[in-house]
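Reviewing the structure listed below.
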Amino acid sequence: MADSPEYGARGGGAGASRRAVLKLGLGGLLVAGAAAGGLQAWPGASVEPPLLLQVLSPRTHAILVAVAEAVCPDGPPWPRPSALGVAAKVDAVLARMDPADADQIVVALHLLESALAGAILDQRVGPFSSRPLALRRRSLEGWKISALPVRQTAFKALRGLCATAYFADPRTFAAVGYPGPPDFGQASAPDRQPAQDRALWDPTASPFSAPGADAAAPPDGASGGASAGAAPPASPLGSPPSSVAPVAPVAPTAPAQVSP
Amino acid sequence: MKGQITEGRALTADVAERCDVLVIGSGAGGAVLAAGLVEAGLDVVMLEAGPYQTRRSFQGDEGAAFVNLYQEQGARATADLSIAVLQGRSVGGSTTVNWTTCFRTPPRVLRHWAEVHGIEGLDEESLRPHFEAIEQRLGIATWPEERANENNRALLRGARALGWEASPLRRNVRGCANSGLCGVGCPVDGKQGMHVTFLPDAVEGGLRLYSDVEVDTLTMRDGRVSGAVARVRAPGSRATMGRVVQVQAKVVALCGGAINSPALLLRSGLNPNGRVGLRTFIHPVIGVAGVYDHLIAPYAGAPQSVGSHQFIDRGADKMGFFLEAAPMQPMLASTATAMIGPQLGDFLARLPNLSALLSLHVDGLLPGDEGGVVSLKPSGDPKLDYPVRPALIEAMAESHKVLAKVHLAAGAREVGTLHAQPVLLRAEADLPLLDQAPYGAFQHAIFTAHQMGGCTMGPKPENSVVRPDHRHHTVENLFVVDGSALPTALGVNPSQTVYGLAHRARAFVAAAVG
Ligand SMILES: Cc1cc2nc3c(=O)[nH]c(=O)nc-3n(C[C@H](O)[C@H](O)[C@H](O)COP(=O)(O)OP(=O)(O)OC[C@H]3O[C@@H](n4cnc5c(N)ncnc54)[C@H](O)[C@@H]3O)c2cc1C
């Protein structure tokens, strides 16, 4: 209609020019940090950026790799986030977002990395990505409970993007003790199937949740390493570490009854 | 004549369509409405922003499902990111990914609508035939207690041990295999979502449905809506494919769901009374986790099959809440907490023994509870601001305690909240720890899977967007038939209310074609 506003960005792409409204309100801080030379330190990236980044630059990719390492668990049985390409997956997510929102994430990465902003707001010096893992985690924990809404929001966004990319990857399933989704052979089934009575899927019969089961590699061939029969970690729900005894292994019951 | 489903990527040229009724959105409201209009012999075109997917692509892969089947790849949230917004975006809308709990609209809520919002003609009796028709088509029936998964059993056992009401829920399934995959697309078509029921019915009767086609704006002529302009999107993306679909229609039914429907009206400049986007309700949800000695497998089995309405009515000045369970595949579980690093790993490694119980808070019923506001981002996409008000904070503090008690009574060895710094409890004696914990935005996880309002119905244009028959107050041939028309939240899961109201709205929309 004649008096409707124009939304050029809905055509895709053009929205990248609309950087004025920064949802996180991070813009001023970023500019301040950059102008003072705070962004000049090149992070000590040990992970090669993939060739086809869409939103991230090699530099912001490196910062994100450092964030992902801090967000995701590390050490056996957990695969390293960089082995799963978490930062590249996040890049793909950003590419499908409202460009202005994706900009916000990039801004958040710069802000986190920025040594000057870090010094002012965090009493810490040195770019985020070159801090040791434990310090990176401490910085993030600080942002999580920061009195600055900007930091809480940035923490939430970065944590969420990294954690979802990591735990959606089947190569983490073994460590979680998740058997993976049951396969009903639907990929080769007709598009539609009339309703029928079915036996119920029994998750206890799956390899990962049955004690003594092989710590079989997930379908994509990655090495997992944990069977859920192993004693779970002592702190089930977070800090402080609890003294609860390990969860007793679960006895396997009937074999899978999946019969689509 | 049989209709068809055309995927956006199959369009090699712009499309111009003409029809009696254009239905925008293929979810709970749009599908039920379209099937009725087609049955009445009308020529109907439907545009759906999301992709057309079937059981063949429902592989239980959370990552793929969120990209393809959810708004904003599953990352939709309030503007400050304090509340995560789960909402569907594919053929079938949210019904393709919802957790199948079905309730008729509670009579007390219908009475509230009549008394407080002046809405006439919506009562238990007049809605009954519509609900019966829906229940029959969708196979809605109680999921027997003995089939409940361990996660839901924890709720049942705990609540009953405390002497609280809890009962099995009704679900829209036929031949459910207990895969636990409702939220990522049912692999066996057991869930009777719109994509396997009313939409195929409507296509059989002549509906022309375009997927990956998102309406940008409505077009207007002489104070009436003349149709809409839409763009073809790349599946799972905002990227456009260059093609435009233009539809001319005698009547337009907006069924994009809460948040999206108001946004489309705003983009179209259709907000004569300034009410569009106001009173958006979300049943804000908090969760409390319990670790059990036995296998819970919260990722397996019907996700929601037990509920408790013990705390739905907490008196005139307090916000009520109801309790249900949540399915937990690893990715969704990871979003429920604010943990990082080893803590996060430990939490996820407990998943098999973890029960996740929810409290859903009923917004919009207390005087002065205006919920959230939908406006537009510079890109034209919707933005939701939702202030967490004192009444909600009070209710969330209470519901945390209630859920902790349920877990402990059900035999949990440890209970943990989803606070930024989790509160851990092992016994009733630890409950006072919850009194010291903070509640509100950013203090703990909050999310929503129930979006309502924003184009609220009511008799007066001063405080509503559409009339009680879903007709726009000023644009005579425009209807809003989806969750956005609800004047308040419901205190029960909303899908059946949307189905029922859409079933009722069929006659009004058909009559408007003339
Ligand atoms: C994970 C999850 C679990 C849920 N569990 C339950 C449950 O157990 N029980 C229950 O009762 N409810 C549940 N719900 C909620 C319920 O499914 C919704 O309330 C209901 O489907 C709303 O119906 P609707 O017609 O308003 O919108 P939707 O069903 O969401 O459909 C709207 C459709 O319109 C499309 N659309 C929007 N804008 C445009 C546009 N501009 N152009 C073209 N298309 C557009 C959207 O892509 C979407 O597909 C759940 C929801 C989710 C997300």
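I'd like to verify a number: residues in region B:358-386 that are within 14 Å of chain A (Cβ to nearest Cβ) and over 27 Å from B:Trp99 (Cβ atoms), how many?
Going through region B:358-386 one residue at a time, the tally reaches 6.
Could you please give the count of residues in region B:260-274 that are within 14 Å of another protein chain (Cβ to nearest Cβ) and either within 14 Å of the ligand (Cβ to nearest atom) or buried (at least 19 other Cβ atoms within 10 Å of the Cβ) (or both)?
8
Identify all residues within region B:245-304 that are among the acidic types (Asp, Glu) and within 30 Å of B:Cys19 (Cβ to Cβ); write none if there are none.
The answer is none; no residue qualifies.
Within region B:479-499, identify whether any single residue is over 30 Å from B:Leu332 (Cα atoms) and either part of a strand (DSSP E or B) or free of Cβ contacts under 8 Å to residues at least 60 places away in the same chain (or both), and answer yes or no.
Within region B:479-499 (the criterion being over 30 Å from B:Leu332 (Cα atoms) and either part of a strand (DSSP E or B) or free of Cβ contacts under 8 Å to residues at least 60 places away in the same chain (or both)), the answer is yes, since at least one residue qualifies.
Among the numbered criteria (1) open to solvent by less than 30 Å² (accessible area, probe 1.4 Å); (2) within 18 Å of B:Glu120 (Cα to Cα); (3) within 14 Å of the ligand (Cβ to nearest atom); (4) touching a helix residue (DSSP H, G or I) at 6+ places or on another chain (Cβ under 8 Å), which one does B:Gly458 miss?
B:Gly458 satisfies every listed condition except (3).
Out of the residues in region B:479-514 meeting the condition of being out of contact with any helix residue (DSSP H, G or I) (no Cβ under 9 Å at 6 or more places or on another chain) and either more than 15 Å from B:Gly257 (Cβ to Cβ) or within 14 Å of chain A (Cβ to nearest Cβ) (or both), tell me which one is farthest from the ligand (Cβ to nearest atom).
B:Gly514
Among the listed residues B:Ile282, B:Ile296, identify the single one that is of a type in the set (Val, Ile, Thr) and away from chain A (no Cβ under 14 Å).
Sole residue among the options that is of a type in the set (Val, Ile, Thr) and away from chain A (no Cβ under 14 Å): B:Ile282.
Among the strands (runs of 3 or more DSSP E) lying completely within region B:153-247, list those that include at least 2 residues that are away from the ligand (no atom under 15 Å from the Cβ).
Answer list for region B:153-247: B:213-221, B:224-233.
Please find, among B:Ala148, B:Ala161, the residue that is surrounded by 21 or more Cβ atoms within 10 Å (Cβ to Cβ) and in contact (Cβ under 8 Å) with a residue 24 or more places away in the chain.
Residue meeting the stated conditions: B:Ala148.
Could you check region B:172-218 and list, in sequence order, the residues that are within 7 Å of chain A (Cβ to nearest Cβ) and β-branched (Val, Ile, Thr)?
B:Val188, B:Val196, B:Thr217
Do we have B:Val406 as within 26 Å of B:Ala258 (Cβ to Cβ) and in contact with a helix residue (DSSP H, G or I) (Cβ under 9 Å, 6 or more places away or on another chain) here?
It is false that B:Val406 is within 26 Å of B:Ala258 (Cβ to Cβ) and in contact with a helix residue (DSSP H, G or I) (Cβ under 9 Å, 6 or more places away or on another chain).
For region B:309-347, how many residues meet the condition of being among the small types (Gly, Ala, Ser), surrounded by fewer than 24 Cβ atoms within 10 Å (Cβ to Cβ) and not in a helix (DSSP H, G or I)?
Result for region B:309-347: 4.
Which fully enclosed strands (runs of 3 or more DSSP E) of region B:358-425 have 1 or more residues being within 26 Å of B:Ala333 (Cα to Cα) and acidic (Asp, Glu)?
B:382-385, B:414-417
Name the one entry in B:Gln304, B:Gln310 that is among the polar types (S, T, N, Q) and within 15 Å of the ligand (Cβ to nearest atom).
That would be B:Gln304, the only listed residue that is among the polar types (S, T, N, Q) and within 15 Å of the ligand (Cβ to nearest atom).
Could you list all residues from region B:430-441 that are of a type outside the set (Ser, Thr, Tyr) and over 18 Å from B:Val291 (Cβ atoms)?
Listed by number, the residues that qualify are B:Pro432, B:Asp435, B:Gln436, B:Ala437, B:Pro438, B:Gly440, B:Ala441.
Could you check how many residues of region B:309-351 are away from every other protein chain (no Cβ under 14 Å) and among the basic types (Lys, Arg)?
Looking only at that region, the number is 2.
Determine whether B:Val188 is in contact with an Asp or Glu (Cβ under 8 Å, 6 or more places away or on another chain) and not assigned by TED's automatic domain parsing to the domain that holds B:Phe322.
no
With the requirement that a residue be more than 8 Å from chain A (Cβ to nearest Cβ) and of a type in the set (A, V, I, L, M), what does region B:219-243 give you?
Passing the criteria: B:Val225, B:Ala228, B:Val229, B:Ala230, B:Val232, B:Ala234, B:Met241.
Find all pairs meeting these conditions: Cβ atoms under 6 angstrom apart; at least six residues apart or on different chains; first residue within region B:262-279 and of a type in the set (Ser, Thr, Tyr); second residue within 15 Å of the ligand (Cβ to nearest atom) and open to solvent by 10 Å² or more (accessible area, probe 1.4 Å).
Final answer for the pair search is B:Ser268/A:Ser4; B:Ser268/B:Thr217.
Consider only pairs whose beta carbons are under 6 Å apart and that are at least six residues apart or on different chains; among these, list those whose first residue lies in region B:379-404 and is under 16 Å from B:Arg279 (Cα atoms) and whose second residue is surrounded by 24 or more Cβ atoms within 10 Å (Cβ to Cβ) and of a type in the set (Gly, Ala, Ser).
What qualifies is B:Pro382/B:Ala263; B:Leu384/B:Gly372; B:Asp385/B:Gly372; B:Tyr386/B:Gly372.
Quick check on region B:92-106. Is at least one of its residues more than 11 Å from the ligand (Cβ to nearest atom) and either within 14 Å of chain A (Cβ to nearest Cβ) or of a type outside the set (S, T, N, Q) (or both)?
Yes, region B:92-106 contains a residue that is more than 11 Å from the ligand (Cβ to nearest atom) and either within 14 Å of chain A (Cβ to nearest Cβ) or of a type outside the set (S, T, N, Q) (or both).
Of the residues in region B:63-112, how many are assigned to a loop (DSSP other than H, G, I, E, B) and polar (S, T, N, Q)?
Count: 7.
The values are calculated or read from the model by the stated rules, or taken from the named source; none is laboratory data. Note that the structure is a prediction, hence the values are computed from the model and not measured. Glycine gets a Cβ as well: all are built from the backbone with ideal geometry, and neighbour counts include every protein chain shown. What goes into the accessible areas is simple: the full protein's heavy atoms, side chains included, and nothing from ligands, DNA or RNA. Shrake-Rupley method; radii C 1.70, N 1.55, O 1.52, S 1.80 Å.
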